[in-house]
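Derivation of every value follows stated rules applied to the coordinates shown; laboratory data play no part. In this text the structure is predicted, and so the values were computed from the model without any measurement. Ideal geometry is used to build each Cβ from the backbone, glycine not excepted, and the neighbour counts take in all protein chains shown.
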Amino acid sequence: MNKILAVIKREYLQIVRTKTFILGTVLGPVIMGLFIFVPILVSVMSVGDQERIGVIDASREIYKELENRMDFKLKDGRLKYVLENYELVADLEQLKDTLNQKVLAGDISGYMVIPENIIEGGTVEFAAEHVSDFDKISSINKVLNTVIVEKRLKKAGLDPGEVSKYMEEVKFVTQKVTKKGVEEDTGGTFIVSYILVLILYMTLIFYGQLILRGVIEEKSSRVVEVVLSSLKPSQLMAGKILGIAAVGLTQYLIWAVFGMVLTSYSSSLLSSFFPQASGFKIPSIPAYVFVYFVVFFILGYFLFSTLYAAIGSTVNSEKEAQQLGTPLTMMLVIPILLMMFVMRSPDSTLSIVLSLIPFFSPILMLLRICVLLPPFIEILGSIVLLVLTTVGLIWFAGKIYRVGLLMYGKRPSLPEIIKWVRYK
Amino acid sequence: MEAIDVENISKQYGSFYAVKNLSFGVPEGSVYGLLGPNGAGKTTTIRMIMNVIIPDQGSIRVLGEKMSEDMKSRIGYLPEERGLYPKMKVGELLAFLAHLKGFRGQEAKKGIDGWLDRFDLSKWKEKKAEELSRGMQQKVQFIATVVHKPELIILDEPFSGLDPVNTKLLKDIMLEMKESGVTIIFSTHRMEQIEMICDNICLINKAQSVLKGNLAEIKKNYGKNMIILEYDGDGRRIREFPEVDKIDDYGKYMEIKLKDRADPQKFLTFLAGKVRVDRFEIKEPTLNAIFIDKVGEKNE
């Protein structure tokens, strides 16, 4: 046990001290935070500039009303969009050419062409140097829509005020039924499930690869037999897997602390500086989800890392390992591909069966727990199956590892590897 | 008492025998040579002694006990395939390897510093192993083998890749350890090293032992019918002597084994007038000659 502890300590310190780990652990959440906050900050802080937009109103009915309604303001109170009317006196194409020149010269940011038959159902064209500012496009589109629809209603003898009352969009709220009652859920479950499952997926792959590379390094640097003169291959494998598991848990702990600080302070911090952003809220996650998250990380990690260790022991280089490791990595990718299906029908028979299959269960069962807490017996079932499979694979992988570590040269074929298991 | 007692061990991979019915004993406090051509089964034998692989049959006793995991801390082992963790600092690496042998704390620290000092590596203690030259890495590997004060040292091809300076250093330390009572067993395919250092040998060829025992006795039993000849002239004429058994001809230097009970004096008379004799020496056979005699010339 003392020897295993020495190996655990070595693995842990060697990884935790690397720049990759420090950057990944500390900068990871910082970068994630930046992704969330920077766009909010930028949009909140920027004042913006006035934009001039040309209007060619061939119908001669829309412009005035449009100008009245386009009353979006900048932070300093000025109008955001200043409309310029261009009378269509002669040829439309000629006028368009002139305006195109103005757009390219930067005099106006864009222009729209309202056709003569707009009330009867014509199409408005909007031309600009770029049309990727969705906010602007949708604002213009919305105002234009209101103005034109009102005109149409009036022409038909209807009162626009009255009609809009009837056309009021139906309010639609999504709720989640839980044992504690009914809670409002505006897509938070989806996002949280998605993020948690992706973190689990990425960390399982990352730490699996770390084990793989560690074993290959021990083998290719020829240090492995030196170490085996002091302990058994199984002890080395156990120490390695436990040491790296400790690294993973350390990383989660740091992220969890970071996440807690973020959730508890982010709203108040943001709103104290920028009152406009006070609506921003990170959805709260039940504690049991985190417990299962850690449980499935540990179980999934043991399952995959023993196999990655076995693969590492049979090869001589990372290149060779990639070929052998692909099927194993696929076992992690498949549940990600099935994710959307399971999320949509978490309690269908197929979802239940898939989430019980050991290689898929860490990701799919966790997903089901996030979306719709399944009966405890199903969770327990997946855990028991996972543990039994892992125990069997540790035995199997240990046999391969023990022989593979001392084999150099040609990469063994699968039948050869199977034969190793029978060696004394 | 014997430090290592190997009894009738075999290891088979499929139908291929890596080691077959091998037995030998290493007397305590001696230097024992495992000799054999490449692929003879030396490394497999050593790995079985170290419990790194398990023999299919037979038994191994080490330091008077049945070999087990607990014994490993009393043994220092330098494998043939040896290396260091490239990213670890030399000092930490040695502390880790010593810790695995149950040797830790202040005493371990002192031991490591002492050895680093002796090998002139003190200023490399905080450097990563990958920054060291090959020669320095070999010294660190050797320190890792002996730092925990083992009673038995097993070295698999310890001299391979060493330059003459480090070869001498290693040989000196081996003798020093022998004098302090440590048993040393080492494998090599280089005769002259065995001849100079070993008390006892076991010659392995094709998985089996072909010759074993005390080196001096082996040589004596081989008889004094070995002739060292330095000559000038036509070597072919020397071969005409009917009682020549084997010749290893270098052009001007020849190692000649005469047939049993042949008279060297007659041979000298035969040579006179055929070639110019610069040196004629009757001596015990070299290990090289015994090796070739036993294993066949194809192997060397």
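General remarks:
- Summing charges over neighbours of residue B:181, with a neighbour being any other residue whose Cβ is under 15 Å away from its Cβ, gives -3 when K and R count +1 and D and E count -1.
- The equivalent ellipsoid that matches the C-alpha gyration tensor of the stretch B:131-281 spans semi-axes of 41, 19, 13 angstrom, in descending order.
- When the square roots of the Cα gyration tensor eigenvalues are ordered a ≥ b ≥ c, the ratio a/c for the stretch A:119-170 is 1.5 or more and a/b does not exceed b/c, which makes its shape oblate.
- Using equal-weight Cα scatterers in the Debye expression, the normalised intensity of chain A in log10 at q = 0.07, 0.09 Å⁻¹ is -0.58, -0.78.
- With the charge dipole of the protein assembly as shown set up from +1 on Lys and Arg Cβ and -1 on Asp and Glu Cβ about the Cα centre, the Cα lying farthest toward the positive end among the listed residues A:99, B:290, B:75 is that of B:290.
- Crossing angle, helix B:90-100 versus chain B [Cα axis fit, 0-90 degrees, rounded to tens]: 90 degrees
- Antiparallel bridges, percent of DSSP beta bridges restricted to the protein assembly as shown (to nearest 5): 65 percent
- Label point 7 Å beyond Cα of residue B:172 along Cβ direction - residues of the stretch B:86-125 with amide nitrogen under 17 Å: B:114-122
- Normalised by the number of residues in chain B, the mean separation of alpha-carbon contacts (under 8 Å, six or more apart) gives a relative contact order of 20 percent.
- Cα-projected label distance for residue A:190 with residue A:38, points at 7 Å along beta-carbon direction, nm: 2.6 nm
- Taking a ≥ b ≥ c as the square roots of the eigenvalues of the alpha carbon gyration tensor, chain B is prolate, as a/c is not under 1.5 and a/b beats b/c.
- Between helix B:134-146 and chain B: long-axis angle, C-alpha atoms, 0 to 90°, nearest 10: 70 degrees
- A Cβ-based charge dipole, computed about the Cα centre of the stretch B:119-229 with Lys and Arg at +1 and Asp and Glu at -1, lands at about 160 debye.
- Within the stretch A:86-162, GluC sites (Glu not before Pro) in DSSP loop having at most 16 other beta-carbon neighbours inside 10 Å: A:87, A:116, A:129
- Taking every DSSP beta bridge that has both ends in the stretch B:150-300, the antiparallel portion is near 80%.
- Net charge of neighbours whose Cβ lies under 14 Å from the Cβ of residue A:84, counting Lys and Arg as +1 and Asp and Glu as -1: -2
- Residue-averaged 222 nm ellipticity for the protein assembly as shown, from DSSP H runs of 4+ at -39500 (n - 2.57), nearest 500: -16500 deg cm²/dmol
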